[in-house]
Amino acid sequence: MRPLYLVLILLAIRYEVGRAQTVEITDPVVISTIGSSRATAYTDSNKIVETETSLFVLSLDYIDRKFSLLIREFDKGKKKIVTEHVLDNNVKDNHGGGAIVIDSNGTLHVVYGPHHGPFRYVKSKNPFDILSWDDFVEIGSRMTYPSLSVDKENNLYLLGRQSNPNGIWSINLFTKTVGGGWSKGIKLIEPNYFSNKSNLNRSSYIRTYKSLIIDSEGAIHVVFKMYEYLPKGMKNAFSDRKNGVSYMLGYMYSEDKGNTWKSEKENVEIPVSPDNVELIDGKDNPEIADSYLNISNLAIDSLGRPWVTYSKEYKDSTDFFVAYRNNFTWVKHEINVPNGYVFGSSGVSIIKDKAYILSNFISKERYHRDRLWGHRENRIISLSLDLKNLTVNKIFIEEEPSWLPSMIQGFNTTTHPWCIYTSGLSGDSLTKVKLHKID
């Protein structure tokens, strides 16, 4: 039975004049009942790839008291899982989820885990086959949160966060050509605020929710947020209990396979910092943060324009936006959902003239920014947006407590995108992993 407050929210959406229509759609498919507490984390990592007949889906499950990375094949015609395989049955912790892409030959590529260690890279031995894999190869050191993409020539691009116990943390870029090995990596993004951790109560920790995508012309697009700690003795109205603040959303791009990078039309030196990239929203200085920002993955429309969704979270409310880049300017449009707030990490996919959006949702009376992490009142909301007039068409709200949404990224073969999310709470040892087609 639906909770009463969800029934009221759905009724309010149904009768909001001219804005949105709630419709009955296919129920999400439960593909695992042994998911870990963060089975579908994080926004950085693409979890789904699609062919004409199948989806290949990653999740971080919890088996025999160990974190295990599983890949499953979902047959779209039969509407069920037809094959599954354990890629690794001893992942370090709940930060070890993977990222997946498929190249033009049908080879599956996966990068996953750990938490402050070398990434592991594996690829399928045969096209469209999840049962046989090459031995893993390690990439980098002290890495977390893989973001993986592939170009038309089947070259691979990997972003990850590198921690540094004695210095500045960074986002690093690794590349791999067909038949070649992985590069040693370069520092692509650093925080701009601190030169040493003696200024801080904690480390030079950063969290970026970065995303990269390669468009049809081969250009690499990257978006990220910047979360970092404020120095000792300094506070901000939007800093959290660790004295950290998520204060800006940035964008950069490369037109030559990552050799040089640009902001607007100008080349920028790498590593870039928040004050020399294109600012989607927020401030380039955490001292003057005007909200707590979260960002989605990156999507590209048919005109080659990058799109994101993001939230600006305040203590007692939040604003949610869709934004696209047009002639070196970011155009923003606020999305309002009656009686509730859309917030946190989100996902977006652009297909033809529609944007499909996935995010966290909570009723207005239950919203408080400091209590949003895996809270029992969290729900997943999906909606479609007409790009011609930026109006919301359809809305779906998950009935069970849910979080950690992950949208299929890149170019899709069907007219509606797929997504997964974790149905359960941050403290749960076993959760449901749900696969959902956004209508």
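Miscellaneous remarks
- A full extension of the chain between S104 and S141 corresponds to an added length of 10.4 nm, given 0.36 nm per residue minus the alpha carbon distance.
- The residue list G218, A237, P306 was ranked by how far each Cα lies along the charge dipole of the stretch 215-324 toward its positive end, using unit charges on Cβ atoms, and A237 comes out on top.
- On the stretch 93-225, 47 percent of the accessible area sits on carbon and sulfur atoms, based on a 1.4 Å probe.
- The stretch 371-427 - charge dipole about Cα centre, Lys and Arg +1 at Cβ, Asp and Glu -1, debye rounded to 20: 120 debye
- Charge tally around S302: other residues with Cβ under 9 Å, Lys/Arg +1 each, Asp/Glu -1 each, net 0.
- The distance between label points at E269 and R65 comes to 5.3 nm (points 7 Å beyond Cα on the Cα→Cβ vector).
- Within the stretch 155-196, the trypsin sites (Lys or Arg not before Pro) that combine a DSSP coil assignment with at most 14 other C-beta atoms in a 10 angstrom radius are K184.
- Largest to smallest accessible area among V337, V331 [probe 1.4 Å]: V331, V337
- Rounded if a/c under 1.5, otherwise prolate or oblate - the stretch 46-155, Cα gyration tensor axes: oblate
- Fraction of alpha-carbon pairs over 20 Å apart in the stretch 293-439 - percent: 44 percent
- Counting only residues at least eight positions apart within a chain, or on another chain, the lysines with an alpha carbon under 18 Å from that of K76 are K47, K434, K437.
- In order along the stretch 219-231, the phi-based Karplus estimate (6.51 cos²θ - 1.76 cosθ + 1.60, θ = phi - 60°) of 3J(HN,Hα) comes to 6, 9, 10, 9, 10, 6, 9, 10, 10, 8, 8, 7, x Hz; Gly and Pro are listed as x.
- Taking all pairs of distinct alpha-carbon atoms in the stretch 102-238, Kirkwood radius in angstrom: 16.4 Å
- Over 22 Å between alpha carbons, listed pairs K187/K235; K80/K123; K262/K283: K187/K235; K80/K123
- With every protein chain in place, the stretch 292-399: carbon and sulfur % of accessible area (1.4 Å): 42 percent
- Here the chain is treated as an ellipsoid with the same Cα gyration tensor; its semi-axes, largest first and in whole Å, are 29, 28, 22.
- The residues of the chain expose, per residue, 41 Å² of accessible area to a 1.4 Å probe.
- Sequence-distant residues sharing a close amide H with L435 (under 5 Å, placed H): V29, V30, I31
The values are calculated or read from the model by the stated rules, or taken from the named source; none is laboratory data. Note that the coordinates shown come from a computational prediction; the quantities given were computed from them, not determined experimentally. Backbone-built Cβ (ideal geometry, glycine too); neighbour counts: all protein chains shown. Side chains included, ligands, DNA and RNA excluded: accessible areas come from the protein's heavy atoms. Shrake-Rupley method; radii C 1.70, N 1.55, O 1.52, S 1.80 Å.
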